[in-house]
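Below: the structure, in structure tokens.
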Amino acid sequence: MEIRYVWELPVRLTHWVNALCVVVLSLTGFYIGHPFIGGAGSAAFVMGWVRFVHFTFAYLFLVSVLVRYYWFFAGNHDSSWRMYTSWFTREGRGRALKFFRYYTFTGRTIPYEVGHNPLAVLAYAAVFTLFVVQIVTGFALYGQFAPGGFWDGTLGWLLVSFDSQNLRLVHHLVMWLLTGFAINHVYSAWLMDVKEMNGTMSSIFGGYKYIEPEDLS
């Protein structure tokens, strides 16, 4: 058995920052859309703080996602755009199908992967696309409160093309899609940790996985 450094520090750091931001932004965003604290004075006070927290974590989320996108070009094979190359080979697409069958309980065997498997890579591509959608729609809506400001000047055209209500709807729906992904992500990571016994769960903290060389053959 060998120990291999798979997840570099920027990957692990942005993973947890993104996770924290998604949780906080979802909770505060849900309250902004459906406030439940009554009373004119107390409701306005709570809403003000909730909005402040929401916007603060929105900026943190923006920085974290930008760092992660940069690391798609600066990171190792398991952290960069090169992990997507498996989809350009027949073998890679075959492994993705095996993982899909295993996750859906229609197959019993799965190929071994050190980093992300081809099916997970496709899911992460979708997730990072949804991150961009959330950032763009969120800051476009934020720009309404500072007409002529940076965000209004940069993304205000979206309000003209789609109107604010449609942007809020997209922003809200993507929140639920990310929530569903988070539930599946924890389940599948735990499943692979039990199945492969290579430290999948602990690797996102320390970066290292335990590899059996014969599993890679």
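Tabulated results
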quantity	calculated
Estimated translational D of the stretch 48-116 in µm²/s (Stokes, Kirkwood radius over Cα pairs; 20 °C; 1.002 mPa s)	143
Probe 1.4 Å - accessible area at M175, Å² to nearest ten	20
Helix 40-74 axis, angle to the chain major axis (alpha carbon atoms, nearest 10°)	40
Extension gain (nm, one decimal) between A44 and T56, 0.36 nm per residue minus Cα-Cα	2.5 nm
Residue-averaged [θ]222 nm for the chain, counting only DSSP H segments that reach four residues, each worth -39500 (n - 2.57)	-24500 deg cm²/dmol
For the chain, convex hull volume per residue from C-alpha positions, Å³	154
Pairwise FRET efficiency - R101 versus S161, Cβ, R0 = 41 Å, nearest 0.05	0.50
Full-extension gain in nm, W176 to I204, via 0.36 nm per residue minus C-alpha separation	7.7 nm
Estimated FRET transfer efficiency (F128, I183; beta-carbon r; R0 22 Å; 0.05)	0.75
At R0 = 41 Å, FRET efficiency that the Cβ-Cβ distance of N76 and T154 yields, to 0.05	0.80
Estimated distance in nm for a label pair at V114 and R168, the labels positioned 7 Å out from Cα along Cα-to-Cβ	5.0
Ranked packing of 6-15, 100-109, most packed first, by mean Cβ within 10 Å	6-15, 100-109
Protein accessible area in the stretch 126-217, 1.4 Å probe - carbon and sulfur %	70
Surface share of carbon and sulfur [accessible, 1.4 angstrom probe, percent] for the stretch 1-76	80
Residue-normalised accessible area of the chain, given per residue in Å² at a 1.4 Å probe	59
Pairwise centroid distance, computed over Cα atoms, of the stretch 140-177 with the stretch 68-120, Å	34
The stretch 97-154, relative contact order in percent, only Cα pairs under 8 angstrom and at least six apart counted	18
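The values are calculated or read from the model by the stated rules, or taken from the named source; none is laboratory data. None of these values were measured; they are calculated from a predicted model. Counting neighbours? That spans all protein chains shown, and the Cβs are built from the backbone with ideal geometry, glycine included. Surface areas here come from the heavy atoms of the whole protein model, side chains and all, with no ligands, DNA or RNA. Shrake-Rupley method; radii C 1.70, N 1.55, O 1.52, S 1.80 Å.
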